[in-house]
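The values are calculated or read from the model by the stated rules, or taken from the named source; none is laboratory data. Owing to the predicted nature of the structure, the values given are computational and were not obtained by experimental measurement. With ideal geometry, Cβ positions are generated from the backbone for all residues, glycine too; neighbour counts draw on all protein chains shown.
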Amino acid sequence: MDMIVENNIFRFIYCNLVNTNESCSDFGNFLGILPLGFEWLAFLISGFLLCFIYINGILGAVILSIWGERRLYGRFQNRSGPNRWGPMGVFTSTADAIKVMFKEDVVPVDADKFLFNLAPVLMVFPVFMVFSVIPVGIGTFVVDLNVGLLFILAVTSLSGLAVVIASWASGNRISIFSGLRAVAVLISYEIPMALSLVGVLMLSGTLSLNGIVEAQKIPFILLQPLGFVVFFLASLAEINRTPFDLTEAESELGAGYLNDYSSMKFGIFFLAEFAATIGASAVIATVFLAGWKGPEILPSHIWFGIKLILVLGLIVWVRMSWPRMRIDQILHLAWKGLFELTLINIIVTTIMISIKPDPSVNEMWIMAIINWVICIFSLIIVSKFLNRSVKDNFSNLKNTTPYPVGTEKIKSSFINKKEMVN
Amino acid sequence: MPSTQPVTVNLGPQHPSTHGVFRMRVTFDGEEIVDVEPVFGYLHRGSEKLAEERTYTQVLTLTDRMDYVSSMLNNQSYILAVEKLANVEPSPRGVWLRMIASELQRIASHLVATGFLIQDLGALGTPLIYSMRQREYILDLFEMLCGARITNSYLRPGGVYMDAPEEFWPALDKVLLDVPHAFDELEELLSANEIIKSRTIGVSILSPESMVNASITGPMLRAGGVDWDLRHRNPYDFYDQINFHRPLHNSSDNFARFWVRIQEARESVKIIRQCIDKIEPGPVRPSFDEVPRLLRPPPGDVYSAIEGSKGELGFYLVSDGGIAPYRCHVRASSLINLTLLREMLIGELFNDLFVSFGSIDLNMGEVDR
Amino acid sequence: MSGNFFIDITFWVVSFLIILGSFYVVTARNIFRGAIGLSFVFICVAIIFFLLNAEFLGVVQILVYVGAVSVLIAFAVMFIKDVVDGSKYSKYRLLSAFLCSFLFFVLIFISQVTEWNSMDSIENEDALAGLEGFYFEESESGSILIKKAEVLSDGVNKGVFINSTLSIGSSLISNFLIPLQVIGFILISALIGSLTIIRQRRKQ
Amino acid sequence: MTDQWKGIVLGKMLNQILPGCLVSTNKYDVWIKNENLLEVCNVLREKEEFKFDLLNSITAVDYIDYFEVIYHITSLSKNASAVIKTKVGFGRKDPSLSSVVGVWRGADYQEREIWDLLGIKFLSHPNLKRLFLWEGYPGYPLRKDYITYDQSIVTDNK
């Protein structure tokens, strides 16, 4: 197994810029813009160009995903969704973005101005960092960190800090509620999120996302169903989507930490939220759905795109159909449900790996079936355990004596006959 | 041990889920509610004062705007009071028609209540839009009846404004076929969804005794197991000729309140079917010779109440023999059902605040009038 | 050579930022801003780790210190009454100044006295224990490369880093197994202790 | 069908239990002395033969000479209703009445509403603030001598 995958885009730009370089010998340098001795400049320029391409790609994807999500909402709700601006309303979110930019930027009097302005930047910055390690096709990534998966976990935890800063800097009590909730949820869900990936790490033996994709002879969703379920739910919590959207909680907190933000600062938060959704689905697609791997009838990028859209669609579906959970239920789910599930997953995966350290594809299918059976059983047991308190409560209440209505009669001589007044 | 300090937050009047312009001053200890103080009056239009300067028929339009999601029921309550005050004998066809209209309105109102429950729980509008779609069909029927969808003013002393058109009856049949399916859908959403169940069951429990003592009526009371429905206990119009169940639930929590509403709407469908069977051709209102356009009821006072969609909806009218009521008081069930709001909410979490609040199913137009 | 140059510049800039940030943390009146400054310092330290080719440590620094510790500090600060003004005077000013300067000198002393595992001391057997199958090589830029024997044997992947994660992991479960277990026990007991405190408060 | 108590019968029974509380009776209504109101309400709620546990509504009417407060009450177990009335504020001087919140919790907002719009003070009400209008609103709109904004403009122009 190769420990490194070549970064094709970077090499393409770099080798076009430099005149001669040993590392480009197999590539062929057909432009050679920069003279000899300027490899470092080529290095810088190609790095910046790569980031530029990536960031713009993400922005475009966000615009598209907002449109797609709204179209999907429309479908789910028996209406047409945005359909006015552009073919099928494609440019609606572009128009929205422009509108948001021209809105008045209001900073509340009580706000801590510096932190108030810092928070949106802090929110959007880690989201873009996540994309840097995700391979969206063969050799298409910004950097192949050998701690890529941990890097994603680390960077996403930064967004919690941004929410706390935003909620505090607004100087608004309702916002602070949202900040408190965000801390509780993020700290709780980081643990099952990290632990759910342990099984994947054991199977792939690397933290690099390229390595993980390479290691998936069959997609890890088959081998790690429990890991997938837990990671999916935990990433829903991390990106503040229903049923875990406590931080925004439109019907309770208004919009939580977004309450006082307006204009492009709100826009940046909005962007960060949707980019985080795409990021989460990209990570799920990479880690559990074999990323860019697929039959060779389609290019790898398209395979990745299909998987990404599938996961995004699933997230939208969940968002459209489920109500929000209560804060105690969310924390119970994290500590009493998902945490146990990850432990089960780790134990099962450890046993399997110690029995078969290097399984063939056929053996993997057998492992997959066993894993699915264990997954379904443990899910049922944990959900029963989580439900118990609610059902007991319900059955106790059934046995109350009814309030007496119409049981006695008064003497008929006391009664007025039914007649009109006067 | 460090002590905690409660924090007071002002929720409303501009808040997405206060069902209008309602304001609460809520004190939290962490996420737990320790005190609630409602503040009213943001939609106060002085309907009762305005009624004193309008004729008896004109007051009808004011009642439309009180509880704007069940204006037919408001009309019915007011018209019954006027009929009782002015000794008007209603014509049977008009009475059947207004019973059909008011039961349709009850279904529409319960649809709104159930849809908004799931909205308050945090679902992103899908269940709300499903229930609102069904409500639109009912509003279409109202449009056929009187030309208006929300503020109907359909009823008149002694009957209704005009007879239903030919195409109303097949359309009504179609709606009556659809509505049970819509409620099946909603009930499945409500009782098959683990999140909704776990969030509504056992939340905001009120004892039947305290509810009766606090004059709470309607679906809220019946969710506590008190079999008190004015249509059954004190039949007005022709409800004594109709068989229907009063769905009851014992647990008196948020789930029970909405379960009762859904079952009640199913019963309303049955009532409408019976009304269709029993309705006969004839005049829909007495002629203007019998009941003049400008009513001058004899001096006296009257209180008449109906079972509205939110509870007992009563009108107290005082006449001094003139063309306008001397005093018109509305017994607003939405306002009085709020009496125990504080008891309902204390000890619950912030997440359940608006769910419990929505389970009262109040309408600010009626609360503030 | 060029890579080294950039790394040097980044190192100095980030070190300067760390010192500035630390001063801000200490001097800031507004406690919340101080807490945010602290997380900034943590991020800069993580960058230093990255520069030293210790990606794992850098990532863990962000994950634990920025993602959890500083968020929790900010969380706690939100409950304090006078966040904006801070407490004007502390009784223990002198004591804390003394302690801090004492700690500062201790750190300098330790850094001078310690025999760092530099290029020269890498032959030290202790440092290599638990890293069988790996060996160290001096890279062009002067940093240590921990290399896996098999990978190096095929010529294509020359000059590639093998991550420090592997070496940390293997030394944690071989050489430092007992300290790891002890830390685990301490953390669990701390967790249980905090839970019992909460339980007692609930009962009251 | 909810039975309507005869005013005369109810008045007689009340007068037996609390002598002197009665002012007059009617076919439907019973007029109570306003100082005896709280005792009468307690009797109506607690006594076995009445058991009026539901307070439908409280209303007040401004009859220029005096204010009349009307209590519509229902007994759920007997399915019977009655009307209790009382006259306060003769000569429009500081009308006040004892609050029945202690008897029927449902009187809470309705008494506040009457205080807000008609200015009848309910003594020993736990939280007698204006309900719809703000504190310090001039006058009580539902009184007959209240001059509305429109009327005030007309009179000013004269």
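Of all residues in segment B:291-335, count the ones that are part of a loop (DSSP other than H, G, I, E, B) and facing chain D (nearest Cβ under 10 Å). Residues flagged as part of a loop (DSSP other than H, G, I, E, B) and facing chain D (nearest Cβ under 10 Å) within segment B:291-335 amount to 3.
Checked against the criterion of being farther than 26 Å from B:Gly115 by Cβ and at pLDDT below 85, segment B:307-315 has no qualifying residue. Against the definition (assigned to a loop (DSSP other than H, G, I, E, B) and of a type in the set (Asp, Glu)), how does A:Glu340 come out, yes or no? No, not satisfied. Looking across segment B:80-130 at every residue that is among the hydroxyl-bearing types (Ser, Thr, Tyr) and either under 15 Å from B:His19 (Cβ atoms) or surrounded by fewer than 24 Cβ atoms within 10 Å (Cβ to Cβ) (or both), the one that is farthest from the other protein chains (Cβ to nearest Cβ) is identified as B:Ser109. Taken over segment A:340-358, the criterion of being farther than 14 Å from A:Phe231 by Cβ and of a type in the set (Ser, Thr, Tyr) is satisfied by A:Thr350, A:Ser354.
Residue count for segment B:1-59, restricted to those that are in a loop (DSSP other than H, G, I, E, B), touching a residue at least 12 places away in the same chain (Cβ under 8 Å) and within 30 Å of D:Leu142 (Cβ to Cβ): 18. Residues being more than 14 Å from every other protein chain (Cβ to nearest Cβ) and under 26 Å from B:Val59 (Cβ atoms) are entirely absent from segment B:259-272. Filtering segment A:172-228 down to residues that are under 30 Å from C:Ala76 (Cα atoms) and not in a helix (DSSP H, G or I), which residue is nearest to the other protein chains (Cβ to nearest Cβ)? Per the stated criteria, the residue is A:Asn172.
Taking residues in segment B:242-267 that are of a type in the set (Asp, Glu), and partners anywhere that are not in a loop (DSSP other than H, G, I, E, B), the pairs with Cβ atoms closer than 8 Å and at least 6 places apart or on different chains are B:Asp253/A:Leu397; B:Asp253/B:Thr200; B:Glu264/B:Arg106; B:Glu264/B:His110; B:Glu264/B:Pro219; B:Glu264/B:Arg222.
Find the residue count for segment B:140-172, including only residues that are free of Cβ contacts under 8 Å to residues at least 12 places away in the same chain and either assigned to a helix (DSSP H, G or I) or closer than 12 Å to B:Thr61 by Cβ (or both).
Filtering segment B:140-172 down to residues free of Cβ contacts under 8 Å to residues at least 12 places away in the same chain leaves B:143, B:147-149, B:166, B:170.
Now restrict to residues that are either assigned to a helix (DSSP H, G or I) or closer than 12 Å to B:Thr61 by Cβ (or both): B:143, B:148, B:170.
Residues that pass the stated criteria total 3.
Checking each residue in segment D:1-34 for being part of a helix (DSSP H, G or I) and within 12 Å of another protein chain (Cβ to nearest Cβ) picks out D:Gly7, D:Ile8, D:Val9, D:Leu10, D:Gly11, D:Lys12, D:Met13. Checked against the criterion of being closer than 30 Å to A:Glu69 by Cα, at pLDDT 75 or above and within 31 Å of the chain's Cα centre (by Cα), segment A:344-365 has no qualifying residue. Of all residues in segment A:125-168, those that are more than 8 Å from chain C (Cβ to nearest Cβ) and not hydroxyl-bearing (Ser, Thr, Tyr) total 24.
For A:Val100, indicate whether it is over 22 Å from A:Gly211 (Cα atoms) and at pLDDT 85 or above. Explain how you work it out, then say what you get.
Working: over 22 Å from A:Gly211 (Cα atoms): yes; at pLDDT 85 or above: yes.
So A:Val100 passes the test.
Taking the stated definitions as given, is A:Ile346 crowded, with 17+ Cβ neighbours inside 10 Å, within 14 Å of chain B (Cβ to nearest Cβ), in contact (Cβ under 8 Å) with a residue 24 or more places away in the chain and β-branched (Val, Ile, Thr)? For A:Ile346, the condition - crowded, with 17+ Cβ neighbours inside 10 Å, within 14 Å of chain B (Cβ to nearest Cβ), in contact (Cβ under 8 Å) with a residue 24 or more places away in the chain and β-branched (Val, Ile, Thr) - is not met.
Which members of segment A:212-230 meet the condition of being closer than 15 Å to A:Gly148 by Cα and either buried (at least 22 other Cβ atoms within 10 Å of the Cβ) or among the β-branched types (Val, Ile, Thr) (or both)?
First, pick out the residues of segment A:212-230 that are closer than 15 Å to A:Gly148 by Cα: A:212-215.
Of everything in segment A:212-230, those that are closer than 15 Å to A:Gly148 by Cα and either buried (at least 22 other Cβ atoms within 10 Å of the Cβ) or among the β-branched types (Val, Ile, Thr) (or both) turn out to be A:Ile212, A:Val213.
Listed here are the residues, each with its yes/no results for (1) buried (at least 23 other Cβ atoms within 10 Å of the Cβ); (2) farther than 21 Å from A:Leu150 by Cβ.
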residue	(1), (2)
A:Ser208	yes, no
A:Phe232	no, no
A:Asn240	yes, yes
A:Ala285	yes, no
A:Pro295	no, yes
A:Ser300	no, yes
A:Phe304	yes, yes
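Take segment D:35-85 and flag every residue that is among the polar types (S, T, N, Q) and over 20 Å from D:Gln16 (Cβ atoms). Result: D:Asn56, D:Ser57, D:Thr59, D:Thr74, D:Ser77, D:Asn79, D:Ser81.
Take the conditions outside any loop (DSSP other than H, G, I, E, B) and without any contact (Cβ under 8 Å) to a residue 60 or more places away in the chain and apply them to B:Lys84. Does it pass? Considered against the rule, which asks whether it is outside any loop (DSSP other than H, G, I, E, B) and without any contact (Cβ under 8 Å) to a residue 60 or more places away in the chain, B:Lys84 comes out as no. For segment D:15-28, taking the residues that are in contact with a strand residue (DSSP E or B) (Cβ under 6 Å, 6 or more places away or on another chain) and buried (at least 18 other Cβ atoms within 10 Å of the Cβ), the one that is farthest from D:Ala82 (Cα to Cα) is identified as D:Cys21. Taking the conditions (1) more than 20 Å from B:Tyr78 (Cβ to Cβ); (2) modelled with pLDDT of 85 or more in turn, B:Leu248 satisfies each one other than (2). When you scan segment B:336-346, do you find a residue that is over 13 Å from the mean Cα position of the chain (by Cα), more than 14 Å from chain D (Cβ to nearest Cβ) and either of a type in the set (Ser, Thr, Tyr) or outside any strand (DSSP E or B) (or both), even just one? Among the residues of segment B:336-346, at least one is over 13 Å from the mean Cα position of the chain (by Cα), more than 14 Å from chain D (Cβ to nearest Cβ) and either of a type in the set (Ser, Thr, Tyr) or outside any strand (DSSP E or B) (or both), which makes the answer yes. Selection of segment D:89-134 for residues being over 25 Å from D:Phe52 (Cβ atoms), more than 11 Å from chain B (Cβ to nearest Cβ) and not in a loop (DSSP other than H, G, I, E, B) yields D:Phe90, D:Gly91, D:Arg92.
Just one of D:Ser81, D:Ser77 is assigned to a loop (DSSP other than H, G, I, E, B), among the small types (Gly, Ala, Ser) and more than 7 Å from chain B (Cβ to nearest Cβ); which is it? If you could, list the steps in order and put the result at the bottom.
Values: D:Ser81 fails: assigned to a loop (DSSP other than H, G, I, E, B).
One residue alone meets the criteria, D:Ser77.
Checked against (1) facing chain D (nearest Cβ under 10 Å); (2) touching a helix residue (DSSP H, G or I) at 6+ places or on another chain (Cβ under 9 Å), B:Phe357 meets all criteria but (1). Checked against (1) of a type in the set (Ser, Thr, Tyr); (2) under 30 Å from A:Ser178 (Cβ atoms); (3) surrounded by fewer than 24 Cβ atoms within 10 Å (Cβ to Cβ), A:Ser281 passes all but condition (3). The residues in segment A:91-112 that are closer than 26 Å to A:Ser65 by Cα, surrounded by 12 or more Cβ atoms within 10 Å (Cβ to Cβ) and over 26 Å from the mean Cα position of the chain (by Cα) can be counted, and the count is 2. Contact annotation: residue pairs with Cβ atoms under 6 Å, 6 or more positions apart or on different chains, pairing a residue in segment A:303-325 that is at negative phi with a partner that is of a type in the set (Gly, Ala, Ser) and at pLDDT 85 or above, are A:Lys307/A:Ala285; A:Leu308/A:Ser281; A:Leu308/A:Ala282; A:Leu308/A:Ala285; A:Val311/A:Ser281; A:Val311/A:Ala285; A:Leu312/A:Ser281.
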